[in-house]
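Engineer: Dumping the structure here so I can ask a few things about it.
The values are calculated or read from the model by the stated rules, or taken from the named source; none is laboratory data. Computed from a predicted model, the values in this text were never measured in an experiment. No Cβ is skipped: glycine too gets one built from the backbone with ideal geometry, and neighbour counts run over all protein chains shown. In case anyone asks, the SASA skips ligands and DNA or RNA and just uses the protein heavy atoms, side chains included. Shrake-Rupley method; radii C 1.70, N 1.55, O 1.52, S 1.80 Å.
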Amino acid sequence: MRTSRKLSKTNYLVYRDCAHNAWVKIHRPEVYHARPPSVFEQAVMDTGNDVDARARDIFPDGVLIRRGDADGTAQLVAERYGVLYQPVFETDRYTTACDVLVWSEDRGVYDLYEVKASTSGDDRKAKDDLYAHDLAFQANVLTECGVPLGRFHLVRLDSSYVSDGTLDLQRLFTREDFTDRVTPLLETVAAEMDAAHDVLSLDTMPPAPCACVYKGRSSHCTSFSFINGHVPEYSVHDLTRIGASPRRLRALVDADILDIADIPDDFELTVNQANQVRAARQGRAFLEVAPLGEFLNRLRYPISFLDYETYPCALPRFARFRPYDHVPFQFSQHVVSHPGGEAVHRDFLFTGRACPDEYFIGALKDAIPAEGSIVVWNRPFERGINAKLAERLPDEREFLNSVNERIVDLMDVFTGQMVIHPKFRGRTSIKWVLPALVPQLSYQGLAIQEGATASETWNRIVTGDLEGDEAEEARKDLLTYCKRDSLAMVEIWRALLAAVAAREIREAG
Ligand code: SF4
């Protein structure tokens with residue numbers, strides 16, 4: 001059975017990535033959207049919209065087309081209107097909205113501009129290929145609609161741009177001519193569009209399994225379980241770093257060995273993978289007492305457990321920031337000054353309109369003891385924030401460098417498999433480790449339970465989206481969440497000390 005429907009640019013791009021996922025998106029939206037977009041995903045979409053809107057200012061005097069208004073667009077194009085934002089085009093089989101169309105009187109053509117919220121330095125090759133296909137889809141639809149087309153451009157953020165406190169849009173955005181990349185693709189993309197239209201019009205899904213049955217869990221999209229109902233929730237796809245050993249994963253899947261506990265003893269695995277299988281099969285935790293003891297002995301008192309919260313800002317808000325530089329706005333710290341001592345809490349949260357940098361560093365200087373280890377979870381993050389702060393405030397470089405030199409990563413215990421627990425499922429995030437080792441402490445019930453929500457909450461406070469009591473409540477939620485992060489590290493550390501002393505993990509199983 002076939003139900004013809006117009007293929008949008010978004011669905012074409014999803015199809016290029018994965019036909020199965022595109023089919024589920026169109027035919028089983030309740031599966032595709034089973035989980036509402038996470039705060040992080042929503043923030044990415046909002047950022048894209050913000051960047052789009054600001055980019056329009058570099059093409060002044062345009063008219064913004066209403067969503068879905070193909071007739072209105074056609075009329076303005078027939079009049080050769082100078083600048084169109086979000087014009088909409090439809091053919092029998094396709095539909096697309098463009099970001100900006102600019103009429104060139106000299107050449108008698110419209111130039112097409114696609115705006116992306118990424119920076120010019122990001123992961124360039126794969127993204128440029130995707131953007132060229134994106135532009136080619138639009139070009140094919142516009143040509144079929146009879147629009148005379150000139151050049152194809154990509155507009156994105158310049159990663160080298162440093163704000164002086166105001167936004168110079170002409171320098172913030174780069175305009176790159178993609179015509180030479182897009183033109184040779186037009187025919188191939190037209191054929192792909194036809195194929196995508198046909199496959200996605202079918203009422204039956206392309207046959208299962210999907211390609212990710214041979215890829216590790218991090219590659220799987222939300223449609224995986226729907227398409228591959230025979231794969232257990234904790235499967236061979238969860239083996240640590242299995243994505244880097246596709247041959248091994250293929251051998252297991254082809255032999256119909258899907259449950260991680262069913263992997264035969266003589267199957268070749270890395271040491272870490274074999275340890276994970278052993279823990280899953282025996283349903284208990286394992287401890288590498290010697291390296292763990294060494295790790296814990298290296299920590300120097302007073303031990304500070306430190307956690308930062310930041311907001312990644314696509315459009316720089318303050319002087320000396322580049323696109324996507326993180327604004328550090330909060331930290332929480334617990335300090336244990338001697339063996340057996342209490343964990344003393346300090347924190348900082350800045351919700352003013354000014355740049356938090358100087359206040360953040362001032363509070364950090366007050367809070368952090370002059371000596372001792374500074375324990376974080378995922379060292380590159382806090383170190384990276386400190387390095388950026390030092391770049392923006394060179395007078396503080398010495399202090400920030402000294403903090404970085406003292407940082408110890410508690411996550412190393414888990415990436416190094418000094419502790420292996422079946423409940424970790426091969427993961428090393430604190431959100432997996434905490435409930436396994438310290439079940440009495442959790443993020444459940446907190447209004448904010450992860451970093452992306454914290455970022456967005458802060459942004460809503462400082463942009464005035466939350467006011468009065470709501471803003472006050474949100475401030476409390478931020479303080480509670482960040483405090484939980486640093487306390488979680490303290491309690492995991494204590495659980496590790498107890499485990500080394502007892503030579504076992506008591507919460508195992
Ligand atoms: S899990 Fe991978 S192959 Fe399967 S539908 Fe999702 S993206 Fe496609």
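Engineer: Can you tell me which condition R2 does not meet? The list is (1) more than 14 Å from the ligand (Cβ to nearest atom); (2) in the same structural domain as L76 (by TED's automatic domain parsing); (3) modelled with pLDDT under 95, and all the others hold.
Structural biologist: Evaluating R2 over (1) more than 14 Å from the ligand (Cβ to nearest atom); (2) in the same structural domain as L76 (by TED's automatic domain parsing); (3) modelled with pLDDT under 95 leaves (2) as the failure.
Engineer: Could I ask something else about it? Provide a single number: the residues in segment 222-232 that are within 10 Å of the ligand (Cβ to nearest atom), open to solvent by 60 Å² or more (accessible area, probe 1.4 Å) and in contact (Cβ under 8 Å) with a residue 12 or more places away in the chain.
Structural biologist: 2
Engineer: Is it the case that D259 is among the acidic types (D, E) and closer than 30 Å to A499 by Cβ? Reasoning before the result, please.
Structural biologist: Numbers: among the acidic types (D, E): yes; closer than 30 Å to A499 by Cβ: yes.
It is true that D259 is among the acidic types (D, E) and closer than 30 Å to A499 by Cβ.
Engineer: If you don't mind, there's one more thing I want to ask. Just checking, how many residues over segment 125-169 are more than 28 Å from the chain's Cα centre (by Cα) and either assigned to a helix (DSSP H, G or I) or of a type in the set (V, I, T) (or both)?
Structural biologist: Our first condition is that a residue be more than 28 Å from the chain's Cα centre (by Cα); within segment 125-169, this holds for 139-152.
Subsequent filtering for residues that are either assigned to a helix (DSSP H, G or I) or of a type in the set (V, I, T) (or both) retains 139-144, 147.
Summing the residues that are more than 28 Å from the chain's Cα centre (by Cα) and either assigned to a helix (DSSP H, G or I) or of a type in the set (V, I, T) (or both) in segment 125-169 gives 7.
Yes or no, residue by residue, for (1) of a type in the set (A, V, I, L, M, F, W, C); (2) open to solvent by 10 Å² or more (accessible area, probe 1.4 Å); (3) within 12 Å of the ligand (Cβ to nearest atom):
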| residue | (1), (2), (3) |
| --- | --- |
| T240 | no, yes, no |
| V253 | yes, yes, no |
| I263 | yes, no, no |
| A279 | yes, no, no |
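Engineer: Can you pull out every residue in segment 134-149 that is touching a helix residue (DSSP H, G or I) at 6+ places or on another chain (Cβ under 7 Å) and within 19 Å of K116 (Cβ to Cβ)?
Structural biologist: Residues satisfying the conditions are D134, L135, A136, F137, Q138, A139.
Engineer: Same structure, new question: For segment 454-476, enumerate the residues that are among the small types (G, A, S) and either closer than 24 Å to Y443 by Cβ or not assigned by TED's automatic domain parsing to the domain that holds F350 (or both). So that I can check it myself, show each step before the final result.
Structural biologist: Filtering segment 454-476 for residues among the small types (G, A, S) gives 454-455, 464, 468, 471, 474.
Passing the criteria: A454, S455, A471, A474.
Engineer: Then there is this: I'm checking my understanding of the structure. Among residues of segment 329-355 that are in contact with a helix residue (DSSP H, G or I) (Cβ under 8 Å, 6 or more places away or on another chain) and of a type in the set (D, E, K, R), which one is most open to solvent (accessible area, probe 1.4 Å)?
Structural biologist: R353
Results for (1) at pLDDT 90 or above; (2) hydrophobic (A, V, I, L, M, F, W, C); (3) part of a helix (DSSP H, G or I), shown as yes or no for each residue.
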{"residue": "L200", "(1), (2), (3)": "yes, yes, yes"}
{"residue": "S225", "(1), (2), (3)": "yes, no, yes"}
{"residue": "L252", "(1), (2), (3)": "yes, yes, yes"}
{"residue": "D266", "(1), (2), (3)": "yes, no, no"}
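Engineer: Identify all residues within segment 5-20 that are within 15 Å of the ligand (Cβ to nearest atom) and not in a helix (DSSP H, G or I); write none if there are none.
Structural biologist: Passing the criteria: only C18.
Engineer: Within segment 484-509, how many residues are surrounded by fewer than 17 Cβ atoms within 10 Å (Cβ to Cβ) and in a helix (DSSP H, G or I)?
Structural biologist: 5
Engineer: Taking segment 5-22, which residues are more than 16 Å from S223 (Cβ to Cβ) and at pLDDT 95 or above? Walk me through how you get there before you give the answer.
Structural biologist: In the first step, residues of segment 5-22 are kept if they are more than 16 Å from S223 (Cβ to Cβ); the result is 5-9, 12.
Within segment 5-22, L7, S8, K9, Y12 meet the criteria.
Engineer: Looking at E114, E105, which one is charged (D, E, K, R), in contact with a helix residue (DSSP H, G or I) (Cβ under 6 Å, 6 or more places away or on another chain) and outside the structural domain of R317 (by TED's automatic domain parsing)?
Structural biologist: Sole residue among the options that is charged (D, E, K, R), in contact with a helix residue (DSSP H, G or I) (Cβ under 6 Å, 6 or more places away or on another chain) and outside the structural domain of R317 (by TED's automatic domain parsing): E114.
Engineer: Let me ask something else about it. Would you please name the residue that is nearest to the ligand (Cβ to nearest atom), looking only at residues in segment 21-43 that are touching a residue at least 40 places away in the same chain (Cβ under 8 Å) and within 18 Å of the chain's Cα centre (by Cα)?
Structural biologist: Per the criteria, the residue is R35.
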